[in-house]
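The next block holds one structure in the form of structure tokens; read it before the comments.
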Amino acid sequence: MSAPAPLLFLLRGPRRRILYVALYELIAIAVVTLALGLFTDHGWGSSGGMAVGSSAIAVVWNLVFNWFFERWELRQPVRGRSPARRVAHAIGFEGGLLLWLVPFIAWWLGVSCGRRCCSTSGCWCSS
């Protein structure tokens with residue numbers, strides 16, 4: 001008798017996506033909380049709160065951006081996601097996410113948006 005299939009393989013459609021998003025965001029929250037707690041002078045509670053807030057913003061932005069992008073895509077004469085369309089999607093999503101997250105993180109940490117942008121660009125340059 002074979003072992004039952006893991007839950008991830010049994011789920012389909014929206015349930016599978018919800019589970020994937022939840023697992024991804026829980027891991028992201030844990031990593032961000034740990035990193036901020038270890039490498040900044042902000043407490044664990046503040047670090048965890050910022051991680052949860054950032055995660056919530058990212059999930060909502062993902063839903064909103066993809067809804068609008070897919071509606072726009074339906075009106076295009078050429079179907080499918082070409083490399084150029086994928087690049088446009090990635091730039092639009094990540095750029096919009098930055099526009100939401102930088103002010104939130106700056107507010108949460110009590111720093112100016114300008115200082116936060118410099119910190120963020122420093123992370124980009126070192127990547």
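The values are calculated or read from the model by the stated rules, or taken from the named source; none is laboratory data. Owing to the predicted nature of the structure, the values given are computational and were not obtained by experimental measurement. Ideal geometry is used to build each Cβ from the backbone, glycine not excepted, and the neighbour counts take in all protein chains shown.
What about SER46, is it buried (at least 17 other Cβ atoms within 10 Å of the Cβ) and within 17 Å of the chain's Cα centre (by Cα)? The answer is no for SER46. Residue count for region 1-29 satisfying the condition of being more than 17 Å from TRP61 (Cα to Cα), assigned to a helix (DSSP H, G or I) and modelled with pLDDT under 90: 9.
For region 30-43, filtered to residues that are of a type in the set (A, V, I, L, M) and either at pLDDT below 90 or surrounded by 15 or more Cβ atoms within 10 Å (Cβ to Cβ) (or both), the residue that is nearest to the chain's Cα centre (by Cα) is VAL32.
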